């Protein structure tokens, strides 16, 4: 039983890394983003900025600090400023609350960067193409808490509602305008 759980967690981690890589590749496919921003996992940041950025990602809890869920950091090259943190989720059955929680904590501690969610929404928890205005639980909560929510598994600009966007081009446009 324990081996099955470890195997399952390893698979989930591999799948999550694939989705993070997809988001990075989408962003880096744009010349404007490549020229003006560094897009990286926190652990892969250049050594000289890694500690500074990782400190910005921490939220105080009494006498301790905890690092937020930051799958991808977007850093403006002109001033080495962290301008956006991207939480990448494949699905939401168990993980939507984590993203909403960190978004709330970031607002509470007045962090000076955007916190967004990017997902392929494999389970159609956020977006049903045949009924785009239908809102399940996470569709109501996440756009309210996050600075923006993006479903990147569609080409172009498919659907937009307040801080909820469907289509790769919306994600690229958002980052370019930071």
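Among the residues of the range 100-111, those identified as out of contact with any helix residue (DSSP H, G or I) (no Cβ under 6 Å at 6 or more places or on another chain) and either touching a residue at least 12 places away in the same chain (Cβ under 8 Å) or assigned to a helix (DSSP H, G or I) (or both) are 101, 102, 105, 106, 107, 108, 109, 111. The sole residue among 47, 54 that is more than 20 Å from residue 112 (Cα to Cα) and either surrounded by fewer than 19 Cβ atoms within 10 Å (Cβ to Cβ) or in contact with a helix residue (DSSP H, G or I) (Cβ under 9 Å, 6 or more places away or on another chain) (or both) is 47.
Being in a helix (DSSP H, G or I), touching a strand residue (DSSP E or B) at 6+ places or on another chain (Cβ under 8 Å) and either modelled with pLDDT under 95 or over 19 Å from residue 116 (Cα atoms) (or both) narrows it down to one of 32, 16, so name that one.
Values: 32 fails: touching a strand residue (DSSP E or B) at 6+ places or on another chain (Cβ under 8 Å).
The unique qualifying residue is 16.
Looking at the range 138-153, which of the residues that are out of contact with any helix residue (DSSP H, G or I) (no Cβ under 7 Å at 6 or more places or on another chain), over 10 Å from residue 119 (Cβ atoms) and touching a residue at least 24 places away in the same chain (Cβ under 8 Å) is surrounded by the fewest Cβ atoms within 10 Å (Cβ to Cβ)?
147
Quick grid of which residues meet (1) more than 15 Å from residue 38 (Cα to Cα); (2) at pLDDT below 95:
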site	(1), (2)
69	yes, yes
72	no, no
76	no, no
82	no, no
99	yes, yes
113	no, no
116	yes, no
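The values are calculated or read from the model by the stated rules, or taken from the named source; none is laboratory data. Every value quoted in this text rests on a predicted model; they were computed, and no experiment measured them. With ideal geometry, Cβ positions are generated from the backbone for all residues, glycine too; neighbour counts draw on all protein chains shown.
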